[in-house]
Amino acid sequence: MRKYLIILLAVLPLWGFADNKKNNSDPKYLTGAITLNEEGKVSFSKEIKVPSMSKSQLYDIMLKWADERFKPDGELFSKVVYTDKENGDIAASAEEYIVFSSSALSLDRTRIYYQYLIKVKDGACDMTMTRIRYWYDENRDGGQKYIAEEWITDDMALNKKKTKLAPICGKFRRETIDLKDALLQSAANALGQQTLQNGASASTQSTPVPVPTGEQPLPVTSGEMKEVTLPQLPANLNEIAATGRITLTSNDEEVEIKAENWGGFGKLFHKDVAYILTDQSKVAVSALAEHADNYIISFYPSGSAQASIQITCKKAMSQDLSAEELKSLNPSIDTSKTYRMYIGEVIKLQMRE
């Protein structure tokens, strides 16, 4: 059952926040969750975009990630089995355990075998998980072996109404989807961390702020940042966001975010909060937001090298939101992407005099 937390926002309509707790009727695992390739094999594919990196850079990062992620572990054999830097190809053969439940008296698990394919190009990586097989209950009379195409597809792993996971096959489907998501997140984190490190190195160099053609730069003022209250902030903050720049900073790392990432202010349990919405394909922003306990949102007027407003937040919670849930706010939203909203308690507001 999905639970909703209704929050009164000052500048946005009401949002519905879904409970992330896994259950047999979570849409994440239902119709459309399993996809087949041209060969009729269960196959999960996803592109991770990293516009700031070249093909060669991405290849080196992904090869290092794959070598660390896919390696032998006792009786389990995983390994990178093919590399081709010129064409940007990396392939791994994987074998690991999926544990459904574990206690002092019982262990319910299966081996899972799969191929993981990585194709890199300038600014992006294509990730594919395919050729999935299982060896279940191997210690009991040799166990049972299944292939994904006969075991986790809609006909096998969902009930007749397609509204819930089936009792047995459903757990294989759910945990396979979670493994797929964990692999993508792990790869995205590796790329995002490198992007952040690159950004930190670049930020030590003095670079002129570009001024858009036809616009006059605003003068850089020498006024100090003074602590203010929420009502003292300018009424045109959204306009500043749209025409200037916004950055997100945490632990000495800084990334630039877009105007559409800024959600505005609201109230949560009688406290002032600020909202930011991240596109999960933007790995640098996602990685910083996910690992930050405290962060600063800075607003730069168009052409200014100094922030005019800074909002210091303590992360209170985050919530995954589907494009369907966001359509009421933005009908043109890209439905192929996934999003996460971060809610931060406002602990300090500063504005330049």
Checklist entry - Taking region 219-298, which GluC sites (Glu not before Pro) meet the DSSP loop condition and have no more than 13 other C-beta atoms within 10 Å? => result Glu224
Checklist entry - Got a sec? Which residues in region 91-117 would a label at Gln144 touch, if it sits 7 Å along Cα→Cβ and we count backbone N under 18 Å? => result 98-101, 107-113
Checklist entry - Asn37 versus Thr163, label points 7 Å from Cα toward the beta carbon: distance in nm? => result 3.6 nm
Checklist outcome for this item: At the level of C-alpha centres, the distance separating region 142-165 and region 270-306, in angstrom, is 41 Å
Item to check | Stokes-Einstein translational diffusion, region 41-167 - Kirkwood Rh over all Cα pairs, 0.890 mPa s, 25 °C, in µm²/s | outcome: 147 µm²/s
Checklist outcome for this item: In Å³ per residue, the alpha-carbon convex hull of region 220-353 encloses 117 Å³
Checklist entry - Out of every Cα-Cα pair in region 72-129, what percent are more than 17 Å apart? => result 53 percent
Next on the checklist: For the pairs Lys160/Lys337; Lys145/Lys171; Lys46/Lys161; Lys164/Lys267; Lys41/Lys160, flag any whose C-alpha to C-alpha distance is greater than 25 Å.
Outcome noted: Lys160/Lys337; Lys46/Lys161; Lys164/Lys267
Checklist outcome for this item: Heads up, region 252-320 by the C-alpha gyration tensor (a ≥ b ≥ c square roots of eigenvalues; a/c under 1.5 rounded, else a/b over b/c prolate, else oblate) looks oblate
Checklist entry - Counting other Cβ atoms within 10 Å, which chymotrypsin sites (Phe, Trp or Tyr not before Pro) in region 245-353 have at most 15 and lie in a DSSP loop? => result Phe269
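Bear in mind these aren't lab numbers, they're just calculated from the coordinates by the rules spelled out. Being a predicted model, the structure only gives us computed values, none of them experimental. Glycine also receives a Cβ, built like all others from the backbone with ideal geometry; neighbour counts cover every protein chain displayed.
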